[in-house]
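Below is one structure, written out as structure tokens; the observations come after it.
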Amino acid sequence: MSSDRYILGVDVGGTFTDLALIRLADGRAFYHKASSTPADPSIAVAEGIGILLEQTGVKPSQVHYFGHGTTVATNAVITGRTARTALITTDGFRDILEIRRQRQPHNYDIRLNKPAPLVPRHLRRELRERVYLSADAPVAPEASALDAILADFRREGVEAVAICFLHSYVRPAHEALVADILRKRFPEAFTCASHEVLAEFREFERLSTTVLNAALGPVMSRYLDHLEKRAGAIGLTPPKILQSNGGVASAREAGNQAVRTLVSGPAAGVTGAACLAVAAGIRDIITFDVGGTSTDVCLVENGQPLIARQRDFHGFPVRFPMLDVHSVGAGGGSIAWVDDGGFLQVGPQSAGADPGPACYDHGGVLPTVTDANVILGRLPPDALLGGRMPIRADLARRAIAERIARPMGLALEEAAQGVLTILNENLMQAIRVISVEKGFDPRRFTLVAFGGGGPLLASMLARELGIETVMVPAHPGLLCAHGLLVADVRSDFSLSRLADLRKAGAQGVNAGFADLKHSVDAWFELERIEPAQRSVERALDLRYAGQSHELTVPVQREDFRESDLPALVARFREEHVRVYGYAPDGPVQIVTYRITARTPVAGQAGAAGAAPFSAPGNARTGVRRVHFRESAGFVDCPIYDRTRLLPGAGVVGPAILEQMDTTTVVLPGQVATVQADGNMLLTFGAA
């Protein structure tokens with residue numbers, strides 16, 4: 001065993017930190033779950049790694065890959081704990097950050113509050129600079145104009161500077177000049193230029209993305225510095241950080257492109273779920289990741305997660321390719337409360353890891369989803385995490401009774417069931433956002449449930465949505481950590497160049513990709529990726545002339561030819577029909593060139609295997625009174641140890657399947673069947 005090699009994945013959530021260690025020789029997996037340390041997440045990471053290595057007898061030198069998913073950037077945005085940031089921009093454009101797009105999300109709400117800009121107005125400075133899209137000569141910024149600006153920034157305690165000029169995506173030289181000066185004369189500040197973050201047109205989205213990247217840069221860099229030091233103290237290899245696009249990057253790149261880690265944690269679960277589902281022959285899935293604070297859902301079609309080009313984070317538009325994960329404030333720690341109108345609400349506030357649900361007995365007194373599940377018997381009344389976390393059912397009953405049941409005039413069980421019903425409605429809305437609203441029928445997908453609370457809630461959600469099959473991985477509470485081990489090293493590059501497709505022709509298409517490839521090759525060299533391991537995927541953002549939005553169409557050939565143009569236009573029209581329902585005749589316009597660069601993580605292929613099951617035996621461990629709406633009350637429900645259910649075993653609902661990292665609820669009328677790969681399928685009407 002001393003000569004075996006391993007790969008390690010660590011995913012930090014709001015409540016728990018999940019760790020997965022996999023032996024490459026046979027795919028054997030070892031898992032650990034620890035409470036998160038929100039003040040400094042690297043503490044829980046280091047402590048959890050130490051415990052896992054000690055339990056398995058694995059030496060740090062045997063771990064040749066360390067993948068990490070983090071919520072540091074997301075939490076910084078949500079809590080407002082970003083760096084003190086300044087902006088340098090083209091003269092006349094410093095107020096774009098507040099003017100925004102003037103879109104009104106709610107047409108009749110004139111009191112809608114916009115988030116405060118990440119850069120206050122007095123820290124937004126202008127330079128006389130201009131790049132013209134016409135033939136007019138450009139106006140370069142004067143270096144001497146920066147003297148007074150930098151002096152002010154120092155007095156103001158600025159930690160980060162964003163540079164965003166109007167047309168830098170066409171000519172980045174002006175931004176590069178200013179960035180070079182700042183890095184030499186103001187090295188204590190984190191500096192980023194928009195052409196380094198997003199070389200695309202649409203100045204507001206580019207500005208917003210660049211400013212957020214600057215505001216997160218010092219936060220993320222400090223965290224990664226702590227993490228690398230703790231990993232080094234243990235003797236581990238430097239970590240690879242999961243990005244929002246589902247690929248991993250070096251800690252250096254993740255620090256420089258901090259904005260690309262905003263969906264790092266949820267992306268890990270989607271990556272892991274897609275990998276397991278495809279291996280099981282299931283290519284169309286909806287991922288359902290329920291943690292203590294939030295639920296993340298994503299649609300995967302034909303084995304590929306949907307990609308979003310833009311989304312808002314706490315009111316700040318961010319534009320770059322990312323997995324199209326939709327998150328809602330609904331999880332095991334979501335707080336149930338009665339509003340001023342006497343109506344029951346669940347979330348988005350969460351009890352989190354500290355103090356946690358009332359039943360954890362850590363000082364929490366507010367009722368949560370976890371407390372409701374304890375009252376209804378769906379969770380054990382004495383302990384979680386395989387007995388490592390004692391819980392008190394009496395505190396759960398007190399919290400629900402005092403704050404929900406009595407104010408609403410309900411029986412205790414009715415109040416607890418009401419909490420789950422409201423939660424389920426919130427979750428259904430989240431699924432509809434990624435499916436129905438995008439033209440997909442959720443009934444043709446398999447719901448893959450993971451996270452600590454996914455298997456607990458999935459069957460009730462699937463029944464309401466008409467989804468016939470629920471897939472529960474062998475270790476659902478730790479799938480995000482597993483997902484970190486099957487992600488490619490990846491980076492996405494883009495360049496806006498507006499042109500008529502027919503007029504540009506094959507020569508124009510190839511020229512645009514050639515301009516972008518310089519950045520791609522530089523990235524491969526910086527990441528020390530051997531030429532034989534390099535892979536690139538090309539795509540174009542296309543639209544009809546006069547449209548405001550684009551559709552991304554893959555470009556298969558590296559040497560694009562004139563004879564390929566009709567097929568490219570046909571693919572664009574097909575996508576236009578799928579998204580909008582029609583495809584008119586008319587000229588097609590190139591908007592943005594895209595290249596995805598990637599390389600597989602060495603040795604990851606063996607990581608997809610499920611952990612071996614224990615020796616055959618009777619998996620049934622007892623009976624507990626459990627409340628089911630289908631049974632109109634409590635019933636004597638068999639309890640099973642899932643780890644003792646061998647492949648091929650079937651359990652007819654109602655039943656509760658328990659394991660260290662989660663609990664699976666099998667509803668009346670459902671059948672749970674363990675597959676050969678260790679995954680479990682729950683189907684309706686198969687009894």
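The values are calculated or read from the model by the stated rules, or taken from the named source; none is laboratory data. All values reported here derive from a predicted model rather than from experimental measurement. Please note: Cβ atoms are built from the backbone with ideal geometry, for glycine as well, and neighbour counts cover all protein chains shown.
For the range 132-146, name all the residues that are surrounded by 10 or more Cβ atoms within 10 Å (Cβ to Cβ) and not in a loop (DSSP other than H, G, I, E, B).
Here is the first cut: in the range 132-146, the residues surrounded by 10 or more Cβ atoms within 10 Å (Cβ to Cβ) are 132-133, 138-143, 145-146.
Residues satisfying the conditions are Val139, Ala143, Ala145, Leu146.
Looking only at residues in the range 520-557 that are among the β-branched types (Val, Ile, Thr) and under 26 Å from the mean Cα position of the chain (by Cα), which one is farthest from Leu501 (Cα to Cα)?
Start the filter on the range 520-557 by keeping residues that are among the β-branched types (Val, Ile, Thr), which leaves 520, 529, 536, 552-553, 555.
Narrowing further to those that are under 26 Å from the mean Cα position of the chain (by Cα): 520, 529, 536, 552-553.
Values: Val520: 23, Ile529: 33, Val536: 22, Thr552: 14, Val553: 13 Å.
For the range 520-557, the residue satisfying everything is Ile529.
For the structure I just gave you, tell me whether Asp324 is buried (at least 23 other Cβ atoms within 10 Å of the Cβ), acidic (Asp, Glu), farther than 23 Å from Thr82 by Cβ and within 17 Å of the chain's Cα centre (by Cα).
no
Residues in the range 365-396 that are of a type outside the set (Val, Ile, Thr) and under 18 Å from Gln345 (Cα atoms): how many?
At the first step, the residues of the range 365-396 found to be of a type outside the set (Val, Ile, Thr) are 366-367, 371-373, 376-390, 392-396.
Going one step further and asking which of them are under 18 Å from Gln345 (Cα atoms), we end up with 366-367, 371-373, 396.
Residues in the range 365-396 being of a type outside the set (Val, Ile, Thr) and under 18 Å from Gln345 (Cα atoms): 6 in total.
Report those helices (runs of 4 or more DSSP H) wholly inside the range 5-104 carrying at least 1 residues which are charged (D, E, K, R). Break it down into steps so the answer makes sense when it comes.
On the way: elements: 41-56, 72-79, 96-99.
Of the helices (runs of 4 or more DSSP H) lying wholly inside the range 5-104, those with at least 1 residues that are charged (D, E, K, R) span 41-56, 96-99.
Tally the residues that are basic (Lys, Arg) and touching a Leu at 6+ places or on another chain (Cβ under 9 Å), restricting the search to the range 245-276. Please lay out each step first, then the result.
Initially, the range 245-276 is screened for residues basic (Lys, Arg), giving 252, 260.
Pick out the ones that are also touching a Leu at 6+ places or on another chain (Cβ under 9 Å) and you get 252.
Counting residues in the range 245-276 that are basic (Lys, Arg) and touching a Leu at 6+ places or on another chain (Cβ under 9 Å) gives 1.
May I ask you to verify whether Glu228 is in the same structural domain as Ala86 (by TED's automatic domain parsing), surrounded by fewer than 24 Cβ atoms within 10 Å (Cβ to Cβ) and part of a helix (DSSP H, G or I)? Can you show your working first?
On the way: in the same structural domain as Ala86 (by TED's automatic domain parsing): no; surrounded by fewer than 24 Cβ atoms within 10 Å (Cβ to Cβ): yes; part of a helix (DSSP H, G or I): yes.
For Glu228, the condition - in the same structural domain as Ala86 (by TED's automatic domain parsing), surrounded by fewer than 24 Cβ atoms within 10 Å (Cβ to Cβ) and part of a helix (DSSP H, G or I) - is not met.
Could you check, for the range 7-24, whether at least one of its residues is of a type in the set (Ser, Thr, Tyr) and within 16 Å of Leu227 (Cα to Cα)? Spell out the reasoning first.
Within the range 7-24, the first condition is being of a type in the set (Ser, Thr, Tyr), and the residues that meet it are 15, 17.
Among the residues that remain, those that are also within 16 Å of Leu227 (Cα to Cα) are: 17.
So far as the range 7-24 goes, yes, one or more of its residues are of a type in the set (Ser, Thr, Tyr) and within 16 Å of Leu227 (Cα to Cα).
Which residues, counting only those in the range 283-297, are of a type outside the set (Asp, Glu) and either touching a Lys or Arg at 6+ places or on another chain (Cβ under 8 Å) or within 16 Å of Pro476 (Cα to Cα) (or both)? Break it down into steps so the answer makes sense when it comes.
First, pick out the residues of the range 283-297 that are of a type outside the set (Asp, Glu): 283, 285-288, 290-295, 297.
Answer for the range 283-297, where residues must be of a type outside the set (Asp, Glu) and either touching a Lys or Arg at 6+ places or on another chain (Cβ under 8 Å) or within 16 Å of Pro476 (Cα to Cα) (or both): Ile285, Ile286, Thr287, Phe288, Val290, Gly291, Gly292, Ser294, Thr295, Val297.
Quick check on Gln589: is it surrounded by 12 or more Cβ atoms within 10 Å (Cβ to Cβ), within 20 Å of Gln507 (Cα to Cα) and modelled with pLDDT under 90?
Values: surrounded by 12 or more Cβ atoms within 10 Å (Cβ to Cβ): yes; within 20 Å of Gln507 (Cα to Cα): yes; modelled with pLDDT under 90: no.
No; evaluated as a whole, the condition is false for this residue.
Looking at (1) out of contact with any Leu (no Cβ under 8 Å at 6 or more places or on another chain); (2) within 27 Å of Asn213 (Cα to Cα); (3) of a type in the set (A, V, I, L, M), find the lone condition where Leu306 falls short.
With respect to (1) out of contact with any Leu (no Cβ under 8 Å at 6 or more places or on another chain); (2) within 27 Å of Asn213 (Cα to Cα); (3) of a type in the set (A, V, I, L, M), Leu306 is out only on (1).
Could you list, in sequence order, all residues of the range 268-279 that are at pLDDT 90 or above and either surrounded by fewer than 20 Cβ atoms within 10 Å (Cβ to Cβ) or of a type in the set (Asp, Glu) (or both)?
Once the filter is applied, which keeps residues that are at pLDDT 90 or above and either surrounded by fewer than 20 Cβ atoms within 10 Å (Cβ to Cβ) or of a type in the set (Asp, Glu) (or both), the range 268-279 yields only Val278.
Pull up the range 481-516, narrow it to residues that are among the aliphatic types (A, V, I, L, M) and touching an Asp or Glu at 6+ places or on another chain (Cβ under 8 Å), then point me to the one that is modelled with the lowest pLDDT.
Going through the qualifying residues, I end up with Ala481.
So, restricting to strands (runs of 3 or more DSSP E) that lie completely within the range 276-337, which ones have at least 2 residues that are among the aromatic types (Phe, Trp, Tyr) and more than 30 Å from Gly418 (Cβ to Cβ)?
Values: elements: 285-290, 295-301, 307-313, 316-323, 326-328.
The qualifying strands (runs of 3 or more DSSP E) are 316-323.
When the residues of the range 515-526 are filtered to those that are among the aliphatic types (A, V, I, L, M) and over 24 Å from Tyr544 (Cα atoms), which remaining residue is surrounded by the most Cβ atoms within 10 Å (Cβ to Cβ)?
Taking the range 515-526 first, the residues among the aliphatic types (A, V, I, L, M) are 516, 520, 522, 526.
Then drop every residue that is not over 24 Å from Tyr544 (Cα atoms), which leaves 520, 522, 526.
Working: Val520: 18, Ala522: 11, Leu526: 12.
Filtering first and then ranking leaves Val520.
Among the residues of the range 298-317, write down those that are under 18 Å from Pro117 (Cβ atoms), touching a residue at least 24 places away in the same chain (Cβ under 8 Å) and out of contact with any Asp or Glu (no Cβ under 7 Å at 6 or more places or on another chain). Steps first, please.
First, the residues of the range 298-317 that are under 18 Å from Pro117 (Cβ atoms): 312-317.
With the extra rule that they be touching a residue at least 24 places away in the same chain (Cβ under 8 Å), the set shrinks to 313-317.
Selection gives Phe313, His314, Gly315, Phe316.
Take the conditions of a type in the set (S, T, N, Q), under 30 Å from Gly329 (Cα atoms) and surrounded by 14 or more Cβ atoms within 10 Å (Cβ to Cβ) and apply them to Thr85. Does it pass? It would help to see each step written out before you state the result.
On the way: of a type in the set (S, T, N, Q): yes; under 30 Å from Gly329 (Cα atoms): yes; surrounded by 14 or more Cβ atoms within 10 Å (Cβ to Cβ): yes.
Here the answer is yes, as Thr85 does meet what is asked.
Answer with yes or no whether Ala399 is in a helix (DSSP H, G or I), touching a residue at least 12 places away in the same chain (Cβ under 8 Å) and outside the structural domain of Gly581 (by TED's automatic domain parsing). Give the derivation first.
Working: in a helix (DSSP H, G or I): yes; touching a residue at least 12 places away in the same chain (Cβ under 8 Å): yes; outside the structural domain of Gly581 (by TED's automatic domain parsing): yes.
Here the answer is yes, as Ala399 does meet what is asked.
Which of the residues that make up the range 564-604 are in a strand (DSSP E or B) and out of contact with any Ser or Thr (no Cβ under 6 Å at 6 or more places or on another chain)? Write out each step before concluding.
To start, the set of residues in the range 564-604 that are in a strand (DSSP E or B) comprises 588-599.
Hits for the range 564-604 are Val588, Gln589, Ile590, Val591, Tyr593, Ile595, Thr596, Thr599.
Can you tell me which residues in the range 625-676 are closer than 18 Å to Ala458 by Cβ and of a type in the set (Phe, Trp, Tyr)?
Correct list: Phe628, Tyr640.
Any residue in the range 109-118 that is in a helix (DSSP H, G or I), modelled with pLDDT of 90 or more and within 23 Å of Leu212 (Cα to Cα)?
Let us first name the residues in the range 109-118 that are in a helix (DSSP H, G or I), namely none.
The answer is no, given that none of the residues of the range 109-118 is in a helix (DSSP H, G or I), modelled with pLDDT of 90 or more and within 23 Å of Leu212 (Cα to Cα).
Residue-by-condition table, conditions (1) without any contact (Cβ under 8 Å) to a residue 24 or more places away in the chain; (2) over 21 Å from Leu198 (Cβ atoms):
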site	(1), (2)
Val119	no, no
Arg125	no, no
Arg128	no, yes
Ser134	yes, yes
Ala151	yes, yes
Val161	no, no
Leu166	no, no
Tyr169	no, no
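Any idea which residue in the range 548-564 is farthest from Asn510 (Cα to Cα), counting only those that are in contact (Cβ under 8 Å) with a residue 40 or more places away in the chain and surrounded by 15 or more Cβ atoms within 10 Å (Cβ to Cβ)?
Top of the filtered list is Glu550.
Here's a check for you: in the range 625-672, which residue that is of a type in the set (S, T, N, Q) and not in a loop (DSSP other than H, G, I, E, B) is farthest from the chain's Cα centre (by Cα)? Steps first, please.
Going through the range 625-672, the residues of a type in the set (S, T, N, Q) turn out to be 631, 643, 659, 662-664, 670.
After this cut, where a residue has to be not in a loop (DSSP other than H, G, I, E, B) as well, the list is 631, 643, 663-664, 670.
Values: Ser631: 37, Thr643: 28, Thr663: 23, Thr664: 23, Gln670: 30 Å.
Ranking the qualifying residues of the range 625-672, first place goes to Ser631.
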